[in-house]
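Participant: My questions all concern the structure below.
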Amino acid sequence: MKILYVTSEAAPFAKTGGLGDVAGSLPPALAKEGAEVAVAMPLYRRVRDRFGDQLTFECYDYVDLAWRHIYCGLFSMKKDGVTWYFFDNEQDFDRPELYGYLDDGERYAFFSRAVVRMLDRLAFWPEVISANDWQTALVPIYLKDDGVREDRYRSIKTVFTVHNIEYQGRFNPYVLGDLFGLDPGWVQDGTMLMDGDLNLLKGAILSADAVTTVSPTYANELKMAYFAHRLESIMRQCEYKLHGVLNGIDTTAFDPATDDRIAYNYSVKDMSGKAKDKAELQRMLGLREDPDMPIVGLVSRLVSHKGLDLVCEVIHDMMGLPMQLVMLGKGDQKYEEFFRWAGQQYQGRMAVVLDYNEELSMAIYSGADLFLMPSRSEPCGLSQMIAMRYGTVPVVRETGGLRDTVQPYDALRDAGNGYSFANYSSGDMLYVLRAAVYLYKDYPEAFARLRRRAMESDFSWERSANAYLSIYAGLRGEVWPVPEAAEEEAAPVEDAPAAEEAPAVEDAAPVAEEAPAGDAVPVVADAAPKSEKKKASKKKRSGK
């Protein structure tokens with residue numbers, strides 16, 4: 001199976017958030033499962049500065065976008081079994097930041113147009129193109145538009161992933177022709193028109209052959225007005241092609257046993273390093289050094305949908321508990337001012353760092369005992385997975401991917417891998433946080449078992465990659481993984497001895513029926529402990 005993954009960012013090349021983490025990890029996971037994968041992204045200044053000496057120049061061409069005739073260079077490199085393509089235009093992408101410019105619409109329209117028009121310059125003609133968020137929302141639209149005139153584009157199936165529906169790519173509808181080079185019919189028939197605006201996200205959702213979101217719960221939430229930012233009717237209309245696939249994390253990069261970004265390494269079998277990391281975090285941030293005092297960590301953008309209003313409402317009650325609070329993040333001014341003030345009120349017990357700092361975030365993941373995520377909405381969330389990987393027990397609100405990854409602690413059954421609360425309520429948040437703090441203080445052995453289950457949860461990309469491959473294959477009327485019967489049939493068979501009869505037809509292994517090309521079955525990928533992972537023996541899979 002040949003897949004082209006189109007994204008506006010990907011780690012380690014250029015990253016601003018969760019999309020970069022996903023785009024940097026999912027394509028290699030797809031390749032590892034047997035797919036042929038390439039990634040297309042812009043050649044930003046930071047990519048050229050860090051990886052310029054590793055890039056190979058492939059070719060250049062001119063891309064027509066409305067009335068503009070624009071240069072586009074194509075560079076490539078091989079990494080992790082994936083071919084990474086970088087589309088070059090210095091006017092659009094030789095800038096210090098990835099986003100936040102007045103011409104972002106034009107910049108990513110050029111990138112999307114270039115991807116479609118330069119497909120024949122890539123190593124293979126893709127069977128599936130997987131696009132992500134509004135910056136690449138024009139890719140399935142351009143493919144549909146070009147497919148009317150050129151047959152070759154009709155063979156490509158498209159998958160569009162909504163990472164956060166809040167960001168939709170909204171513009172004045174009068175720029176449809178001059179800015180995006182599209183016919184007025186795209187607005188007149190309602191495909192790209194929403195609340196009087198030109199809405200790229202809506203157009204991609206309607207145009208793509210399949211739509212995915214980053215967790216099963218978020219897929220259901222997007223049908224509700226509270227979460228969908230006015231697109232709930234569109235998501236319900238496209239329910240037949242909507243899939244929720246839980247994101248994963250790079251379990252090799254995020255491994256407390258080998259991570260050189262933390263002060264002391266440790267593992268499930270030997271947790272002594274975590275106690276040292278905790279003491280190091282307390283010294284680093286000026287907290288009172290006390291191994292019996294649980295540290296609650298909070299690493300987040302300081303914006304309203306992260307649930308910070310709940311923390312503001314009960315900050316004094318929280319600090320009345322026998323705990324220390326460490327907060328790292330940057331965002332809205334009102335939150336920065338509040339937490340700066342709160343940190344001054346509780347010096348020695350509360351540390352606030354208003355910054356984006358990866359080194360400090362890793363120190364918090366490894367040194368804290370509890371990790372707070374009271375989000376009002378959270379499409380998937382990676383922080384809770386990283387925290388659990390490092391033995392920091394999450395306390396989350398049951399929304400989106402938080403609900404799918406954190407199973408609440410059950411004292412009677414001694415089960416669960418964290419704490420959660422359902423209602424968006426500061427009182428409910430405080431209740432479960434208090435329970436977590438006192439479990440740490442009063443029942444250290446039970447907390448140690450809870451921490452162990454959190455660390456053993458499986459958030460690797462393997463199950464997510466196979467869920468995506470099942471969706472891609474379903475669009476093409478195929479099945480994934482390839483049935484074992486087909487693999488055995490393809491293998492050479494030795495002649496049977498003359499005295500033996502050939503096996504009867506009825507005894508042959510059944511072959512799975514092919515799924516209809518346009519009716520893929522939704523696939524849900526959930527988290528599970530490592531003890532429930534795949535069997536020790538596994539056949540090698542291949543896809544074509």
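The values are calculated or read from the model by the stated rules, or taken from the named source; none is laboratory data. Since this is a predicted model, take the numbers as computed values, not measurements. Positions of Cβ are backbone-derived with ideal geometry, glycine not excepted, and every protein chain shown enters the neighbour counts.
Participant: Within segment 78-103, count every residue that is buried (at least 16 other Cβ atoms within 10 Å of the Cβ), more than 23 Å from the chain's Cα centre (by Cα) and either of a type in the set (Asp, Glu) or assigned to a strand (DSSP E or B) (or both).
Facilitator: 2
Participant: Report, by residue number, each residue of segment 237-273 that is over 29 Å from LEU30 (Cβ atoms), out of contact with any helix residue (DSSP H, G or I) (no Cβ under 6 Å at 6 or more places or on another chain) and surrounded by 14 or more Cβ atoms within 10 Å (Cβ to Cβ).
Facilitator: MET271, GLY273, listed by residue number.
Participant: With the structure loaded, tell me whether ALA10 is crowded, with 21+ Cβ neighbours inside 10 Å and modelled with pLDDT of 95 or more or whether it fails that test.
Facilitator: yes
Participant: I'd like to verify a number: residues in segment 227-253 that are more than 18 Å from the chain's Cα centre (by Cα) and part of a loop (DSSP other than H, G, I, E, B), how many?
Facilitator: Adding up the residues that qualify gives 4.
Participant: Across segment 20-38, which residue is nearest to the chain's Cα centre (by Cα) among those that are surrounded by 24 or more Cβ atoms within 10 Å (Cβ to Cβ) and of a type in the set (A, V, I, L, M)?
Facilitator: Step by step, filter segment 20-38, then rank; the result is VAL22.
Participant: What pairs come out if I take residues in segment 339-361 that are in contact (Cβ under 8 Å) with a residue 24 or more places away in the chain and pair them with residues that are assigned to a loop (DSSP other than H, G, I, E, B) whose C-beta lies under 6 Å away, six or more apart or interchain?
Facilitator: GLY348/ARG288; ALA351/LEU287; LEU354/LYS330; ASP355/LYS330; TYR356/LYS330
Participant: Ok, one more. Within segment 147-165, can you find the residues that are in contact (Cβ under 8 Å) with a residue 12 or more places away in the chain and exposed (fewer than 15 other Cβ atoms within 10 Å of the Cβ)?
Facilitator: Those that are in contact (Cβ under 8 Å) with a residue 12 or more places away in the chain and exposed (fewer than 15 other Cβ atoms within 10 Å of the Cβ): ARG152, SER155.
Participant: Taking segment 116-140 only, how many residues are in a helix (DSSP H, G or I) and touching a Ser or Thr at 6+ places or on another chain (Cβ under 8 Å)?
Facilitator: 5
Participant: For segment 422-480, which residues satisfy the criterion of being closer than 19 Å to MET319 by Cβ and of a type in the set (Val, Ile, Thr)?
Facilitator: Once the filter is applied, which keeps residues that are closer than 19 Å to MET319 by Cβ and of a type in the set (Val, Ile, Thr), segment 422-480 yields VAL432, VAL437.
Participant: Could I ask something else about it? Got a sec? Which strands (runs of 3 or more DSSP E) wholly within segment 306-400 have at least 2 residues that are touching a Leu at 6+ places or on another chain (Cβ under 9 Å) and over 18 Å from GLN282 (Cβ atoms)?
Facilitator: Ranges flagged: 393-397.
Participant: Here's something else I'd like to know. Determine which member of the set GLU90, GLU127, GLU97 is touching a residue at least 60 places away in the same chain (Cβ under 8 Å) and not aromatic (Phe, Trp, Tyr).
Facilitator: GLU127
Participant: Another one. Within segment 174-228, how many residues turn out to be aromatic (Phe, Trp, Tyr) and outside the structural domain of THR158 (by TED's automatic domain parsing)?
Facilitator: Adding up the residues that qualify gives 3.
Participant: Just a yes or no: is a residue in segment 424-433 farther than 27 Å from VAL159 by Cα, buried (at least 16 other Cβ atoms within 10 Å of the Cβ), of a type in the set (D, E, K, R) and modelled with pLDDT of 70 or more?
Facilitator: yes
Participant: Something else about it: State all residues of segment 323-358 that are of a type outside the set (A, V, I, L, M, F, W, C), closer than 20 Å to ALA263 by Cβ and at pLDDT 95 or above; if no residue qualifies, say none.
Facilitator: GLN324
Participant: Does GLU221 satisfy being under 30 Å from GLN168 (Cα atoms), free of Cβ contacts under 8 Å to residues at least 24 places away in the same chain, out of contact with any Pro (no Cβ under 6 Å at 6 or more places or on another chain) and surrounded by 15 or more Cβ atoms within 10 Å (Cβ to Cβ)?
Facilitator: Spelling it out, it is not the case that GLU221 is under 30 Å from GLN168 (Cα atoms), free of Cβ contacts under 8 Å to residues at least 24 places away in the same chain, out of contact with any Pro (no Cβ under 6 Å at 6 or more places or on another chain) and surrounded by 15 or more Cβ atoms within 10 Å (Cβ to Cβ).
Participant: How many residues are within 25 Å of LEU382 (Cβ to Cβ) and not aliphatic (A, V, I, L, M) when one looks only at segment 233-250?
Facilitator: The number of residues fulfilling the criteria is 5.
Participant: Is one or more of the residues making up segment 31-45 in contact with a Gly (Cβ under 7 Å, 6 or more places away or on another chain), charged (D, E, K, R) and more than 30 Å from ARG463 (Cα to Cα)?
Facilitator: no
Participant: Name, by its number, the condition in (1) surrounded by fewer than 24 Cβ atoms within 10 Å (Cβ to Cβ); (2) more than 22 Å from PRO291 (Cα to Cα); (3) not small (Gly, Ala, Ser) that does not hold for ARG397.
Facilitator: The failed condition is (1).
Participant: Which one of LEU439, LEU433, LEU412 is more than 20 Å from ARG301 (Cα to Cα) and touching a residue at least 40 places away in the same chain (Cβ under 8 Å)?
Facilitator: LEU433
Participant: Filter segment 274-299 down to the residues that are in contact (Cβ under 8 Å) with a residue 60 or more places away in the chain and assigned to a loop (DSSP other than H, G, I, E, B), then identify the one that is nearest to the chain's Cα centre (by Cα).
Facilitator: Of everything passing the filter in segment 274-299, PRO294 is nearest to the chain's Cα centre (by Cα).
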